[in-house]
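The structure under discussion appears below in the form of structure tokens.
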Amino acid sequence: MFAIFLTSGLFLGWSLGANDAANVFGTAVGTRMISFRKAAIVCGIFVIFGAVISGAGAAQTLGELGAVNAIAGAFVVALAAAVTVYWLTGFGYPVSTTQAIVGAIIGWDLFSGALIDYGALEKIVLSWFISPVLAALFAAVLYKLIAHGIKYARIHMFSLDSLTRSGLLLAGIAGAYALGANNISNVVGIFVPISPLADISFLGWFKLTAAQQLFLLGGVSIAVGTFTYGKKVMLTVGAGLTEMSPVAAFVAVLANAIVLFLFASQGLQTFLLGHGLPAFPLVPVSSSQAIVGSVIGIGLIKGGRGIRWRVLGEISVAWVVTPIAAVLISFVSLFVIQNVFQQKTYFPVEYQLTGAAELRIREAGIETDKLADIREKTYPTASRFQKALSQRMALSDHEINIVMAATEIDRIIVTNDAVNRANNSSLTGEQKRAFRAQWRRSFEHRWQLEKALAEASPEWRAKPGDKERNKEVARDLDYIYRLVHASE
């Protein structure tokens, strides 16, 4: 069943490949420096590498925007985004897949009554404005530097042609890798929390996580979309906005790759934060907006006379339409699937201020005296519970997150089947032993299971300052969480 519902995500991946591959090689194909066939093959290969190796960072932020908790809901969300992208791609516009999936997730949030994480939404929306501006700045500066370098180096025309072709290919490879790393979350990110897949270990030295397996499938679908339907948008980006010289094409591709890398690299973020520097948020930015920004930046540095402002206006309108259309398509489709086809598109998440939850909130330094009248009262949705909270006390966003996480009801029973399946996983022996110790235990909140595992073994505990280890522990906890629910 999961494989059937995953097809909508793969369709979205195909649509992304058909549309966003233009952002990587469109200028190279538009200037006829690289053939479409060669561009599609190279793009497909390195998109897959980027998705599998570096796709986890942006996927986490997208998951914060809305945790789609039913497989039919994930199917509809991905399908709504794919239909939106496919529709606008048919007009030849480089639309934003990021905007489409964000709009579709918000449609699910509104339909299910789930809370919209406005902090995550703010980071993503800001990237829609920042990425094209950054790309334009990078492109303008790089174009000036390279143009001066060519002028003073007096490179022969034939040598320049050869260097430019090689540069376009290398920049395209970097852009394809960054595209896979940054945008794979748009394709299959919503399926990660509900995936039944288990981690795979190859001879004990190579591990392919459940998320990476989904990223691999999504990367392949992007590659197929690039090869089968990407040529039209490539030509729009490569020659529709402004006349592009081969050198300008190289600069546009390079600037696009840099912007995608900045918003996808976990390593860069860790390095900057470790040295006390501000870091770029790991969010799925729009490669469409980045490449258009690059092209416009080059056009402006050349005086702006060759920019086709009408085409830019049409593209901008498509960007505005994309998230709005995705919200509407998602909401209406969810209603039809749930009420006509009787498919569960979301599982209601209840909230209750239990005794254990209240103790946990107090341990976090938040007083609960003003919440006395709602103790043990069950709220059917997050939005209703948050409304009750706001009527009784003023909390910061951080405090609200603590309270919501502590009070979320998620009844869990550790069954024999779950223990047996964990024994066949890639968890460490100590982690498996700690999980076996929970057999037959029941929990009312997810955090109670996490606490019990941490008490049973240090290998389930997060370590302050050890970001990589903590991510690994979080992934293993997500796997256990999926395992327990699949065994109920």
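Okay, here's what the table says:
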read-out	value
Table column - 3J(HN,Hα) (Hz), segment 129-134, Karplus curve with 6.51, -1.76, 1.60, x for Gly and Pro	8, 6, 4, x, 5, 4
Listed pairs 207/432; 432/471; 123/451; 151/302; 370/451; 38/151 exceeding 22 Å between Cα atoms	123/451; 370/451; 38/151
Net charge contributed by nearby residues that have their C-beta within less than 14 Å of residue 381 (K/R +1, D/E -1)	0
For segment 80-178, diffusion coefficient by Stokes-Einstein and Kirkwood Rh (Cα), 25 °C, 0.890 mPa s, µm²/s	142 µm²/s
Of every Cα-Cα pair in segment 162-319, the percent that sits beyond 18 Å	68 percent
Relative packing of 66-73, 194-201, which averages over residues the other C-beta atoms within 10 Å, highest first	66-73, 194-201
Other-chain or far-sequence residues with amide H under 5 Å of residue 414's (modelled H)	440, 441
Charge dipole magnitude, Cβ of K and R +1, D and E -1 - segment 154-276, Cα centre, debye nearest 20	140 debye
Segment 64-81 - phi-based ³J(HN,Hα) in whole Hz, Karplus 6.51/-1.76/1.60, Gly and Pro as x	5, 5, x, 8, 5, 10, 10, 5, 5, x, 5, 4, 5, 4, 5, 5, 4, 5
Sparse-neighbour loop sites [GluC sites (Glu not before Pro); segment 372-420; at most 14 other C-beta within 10 Å; DSSP]	376
Cβ-based net charge around residue 113, under 15 Å, with every Lys or Arg adding one and every Asp or Glu removing one	-1
Longest site-free stretch - the chain; sites: trypsin sites (Lys or Arg not before Pro), DSSP loop, at most 15 other Cβ within 10 Å	155-304
Carbon/sulfur fraction of accessible area - segment 241-377, other protein chains in place, 1.4 Å, %	65 percent
Angle between the chain longest axis and helix 287-301 axis [Cα atoms, degrees, rounded to 10]	30 degrees
Rounded to the nearest 10 Å², the accessible area of residue 148 at probe 1.4 Å	90 Å²
Segment 239-289 - percent relative contact order, Cα under 8 Å, separation 6 or more	32 percent
Sites matching chymotrypsin sites (Phe, Trp or Tyr not before Pro) across segment 72-127 that sit in DSSP coil, with at most 15 neighbouring C-beta atoms within 10 Å	91
In order through segment 221-232: 3J(HN,Hα) via Karplus (6.51 cos²θ - 1.76 cosθ + 1.60), integer Hz, x for Gly, Pro	5, 5, 4, 5, x, 4, 6, 8, 9, x, 5, 5
Total formal charge among the other residues, if their Cβ is under 14 angstrom from that of residue 54, Lys/Arg +1 and Asp/Glu -1	0
Other-chain or far-sequence residues with amide H under 5 Å of residue 350's (modelled H)	409
Of [x] 59; [y] 50; [z] 53, the label for percent of Cα pairs over 30 Å apart derived from the coordinates	[y]
Residue among 193, 110, 90 farthest towards the positive dipole end of the chain, charges placed on Cβ	90
0 to 90° range, to nearest 10: angle between helix 157-188 axis and the chain longest Cα axis	20 degrees
Cα-based equivalent ellipsoid, segment 280-326: semi-axes from gyration tensor eigenvalues, Å	23, 17, 5
For segment 346-488, radius of gyration divided by Kirkwood radius, i.e. Rg to Rh on alpha-carbons	1.00
Probe 1.4 Å, protein heavy atoms only - accessible area per residue of the chain in square angstrom	44 Å²
Contact order normalised by residue count of the chain, Cα under 8 Å, 6+ apart, percent	25 percent
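The values are calculated or read from the model by the stated rules, or taken from the named source; none is laboratory data. Just so it is clear, the structure is predicted and the values come from calculations on it, not from any experiment. Here the Cβ is made from the backbone with ideal geometry for all residues, glycine too, and neighbour counts use every protein chain on show. The area values use the complete protein model at the heavy-atom level, side chains included, leaving out ligands, DNA and RNA. Shrake-Rupley method; radii C 1.70, N 1.55, O 1.52, S 1.80 Å.
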